[in-house]
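One structure is given below, encoded as structure tokens.
The values are calculated or read from the model by the stated rules, or taken from the named source; none is laboratory data. Everything numeric here is computed off the predicted structure, so don't read it as measured data. Here the Cβ is made from the backbone with ideal geometry for all residues, glycine too, and neighbour counts use every protein chain on show.
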Amino acid sequence: MSIQRWTILGTGLCGGILGGVLMYAGTLSPLAAADEDAGPPPASLARAAELSDAFRWVSKRTLPAIVSIRTTRRVASPRMTRGSDEFPFGRRFGGGGAEDLFEDLRRRMQEQQGQGSSGEIATGEGSGFIIRESGLIMTNAHVVRGAGEVYVGLADGREFKATDIRSDDFADVAVLRIESEDALPVVPLGDDRDVEIGDWVLAFGSPFGLDRTVTQGIISAKSRGMKNLPVRQEFLQTDAAVNPGNSGGPLVNMRGEVIGINTAIETRSGGYDGISLAIPVSLARWVSDQLLAGGRVRRAYLGVTPVELTPEIARAMKLPTTRGVVVESVRGDSPAAAAGMEPGDVIISLNGEDIRTRQQLMTIAERLPIGNSCRIVVLRDGDEKTLQITAAEFPQEMADNSAAESGSRIEELGVAVAALTPELAEQLDISIDSGLVVTDLLRGSIADRLGLVPGVVLTRIGNRDLQRVDDLRQGLQEAARRGQLVLLVSSSDGTRLLSVPFESQN
């Protein structure tokens, strides 16, 4: 009816305003001509279409080999009381929008029906990719860590229960198998050493459970360390969108080759802020080869504590350059001690590779052939000195300590935590001296329900200050006896007190 009225109105007024319309149209005609010429020339459109074709080609080549990973495990859960405000954090540190709204609605409906009181099944979601036709899949270790059962969903809709899961928490790489009677599509592994800053890349995965999602971006940086977590390896940085659920999916170059495993994000909002980090495929391949061959990863070590050579340190040491890393200390009975290294040495080259950062030094050192001798070049008192060092296997007690620094798992809460250091406190923008930083979180756990996110600091449980992981474990035992969990939690937004009924299932 509205269209009809417009037609009649236009016909009736045509004679009365025709001149005005013509004058107005005459005024607009140059603008209309300009608008027609404002578009990009055909050559630019052709180049854009070629880029789109390239994205399509890589996506079609890769998507059949992308898998979604679902994990389940039984966890303890707090006893919920309807109508109480037991979630003071909500999702304010990393709001998931509608997903969190529906999750909260589902949870409250279960509470009203008397469900979810204890021993619930916690689920996790992640991604992975098939690297062998026989059903070998690569993903992140944190995707499958602590899982009771792991299920793999294929692009064709089939789902398999994973077997023979092998993982290395130190590198955050895992491989697992599924049993399929037919050959499965695979995505080839490339070489991240050929990647340059500015290269186009595509990220594949299942963010928020949206299976086989593709996002695009460029390589923003190489050899990037994580600022807010105490991990040591280097990452590829990209601006391709990565969100919860993308972990374990591949970062792919424009040849359709995997160059990294999407692993983490740097964020202030709790969600994607334009900085995504991927484990280089060269590291993932090195780790997976050892996991498949012997079930564990053997790493070499030097036995030094390296620190970045800042301009301030360089001036204090009267060095003409900031190239290299400074040896802060040398471990006794280590390869470095046997080679004659000393505190204050500046390592500028190892095994023929120039050293720029602390992470790079450790990445190169751990892959040295164990038992073989190699050259290490240091600056000592301003002069270059070449030493011969024989790499030894990383001692198990040091590996255990390093793993603890990256995050000890607390099963009752469903979190991994690490001791707060002054450097972490500064990076997290919090003015406290001690506590335990949440480094990882199990979806569906108590910590997840309380709204905790990686980066918040647990400072107190009950009447017990938290300085070590054992403090938290003992505090949880006391909370189980009392039937009430009381946590003091700090972040850059301030301090909050959490109190919730609690019973341990252990």
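Restricting to strands (runs of 3 or more DSSP E) lying wholly in region 408-505: which have 3 or more residues that are within 29 Å of TYR272 (Cβ to Cβ) and not small (Gly, Ala, Ser)?
Hits in region 408-505: 436-441, 457-461, 494-501.
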Selection over region 256-283 where residues are in contact (Cβ under 8 Å) with a residue 12 or more places away in the chain and either hydrophobic (A, V, I, L, M, F, W, C) or farther than 20 Å from ARG212 by Cβ (or both) yields a count of 19
- prompt: Taking the stated definitions as given, is ARG166 without any contact (Cβ under 8 Å) to a residue 40 or more places away in the chain and basic (Lys, Arg)?
  reply: no
Output for Cβ contacts, cut-off 8 Å, separation at least six or different chains, first residue within 15 Å of ASP172 (Cβ to Cβ) in region 284-299, second assigned to a helix (DSSP H, G or I) and acidic (Asp, Glu), reads ARG299/GLU366
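A quick yes/no check of all residues on (1) under 13 Å from ILE376 (Cα atoms); (2) in contact with an Asp or Glu (Cβ under 6 Å, 6 or more places away or on another chain); (3) crowded, with 16+ Cβ neighbours inside 10 Å:
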{"site": "ARG298", "(1), (2), (3)": "no, yes, no"}
{"site": "VAL304", "(1), (2), (3)": "yes, no, yes"}
{"site": "ARG315", "(1), (2), (3)": "no, no, no"}
{"site": "LEU319", "(1), (2), (3)": "no, no, yes"}
{"site": "SER329", "(1), (2), (3)": "no, no, no"}
{"site": "PRO343", "(1), (2), (3)": "no, no, no"}
So the strands (runs of 3 or more DSSP E) completely within region 302-382 holding 1 or more residues that are of a type in the set (D, E, K, R) and touching a residue at least 12 places away in the same chain (Cβ under 8 Å) are 304-308, 325-330, 373-380
The condition from (1) more than 26 Å from GLY217 (Cα to Cα); (2) crowded, with 17+ Cβ neighbours inside 10 Å that ALA284 misses is numbered (1)
Of the residues in region 196-215, those that are among the hydrophobic types (A, V, I, L, M, F, W, C), modelled with pLDDT of 95 or more and in a loop (DSSP other than H, G, I, E, B) come to ILE197
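Within region 482-495, can you find the residues that are farther than 15 Å from VAL438 by Cα and either modelled with pLDDT of 85 or more or not charged (D, E, K, R) (or both)?
Within region 482-495, the subset farther than 15 Å from VAL438 by Cα is 482-486, 493-494.
Answer for region 482-495, where residues must be farther than 15 Å from VAL438 by Cα and either modelled with pLDDT of 85 or more or not charged (D, E, K, R) (or both): ARG482, GLY483, GLN484, LEU485, VAL486, GLY494.
Within region 453-460, can one find any residue that is modelled with pLDDT under 85 and either in the same structural domain as GLY225 (by TED's automatic domain parsing) or not β-branched (Val, Ile, Thr) (or both)? Spell out how you get there, then give the answer.
First, pick out the residues of region 453-460 that are modelled with pLDDT under 85: 453-455.
Add one more test, that the residue is either in the same structural domain as GLY225 (by TED's automatic domain parsing) or not β-branched (Val, Ile, Thr) (or both), and what stays is 454-455.
Yes.
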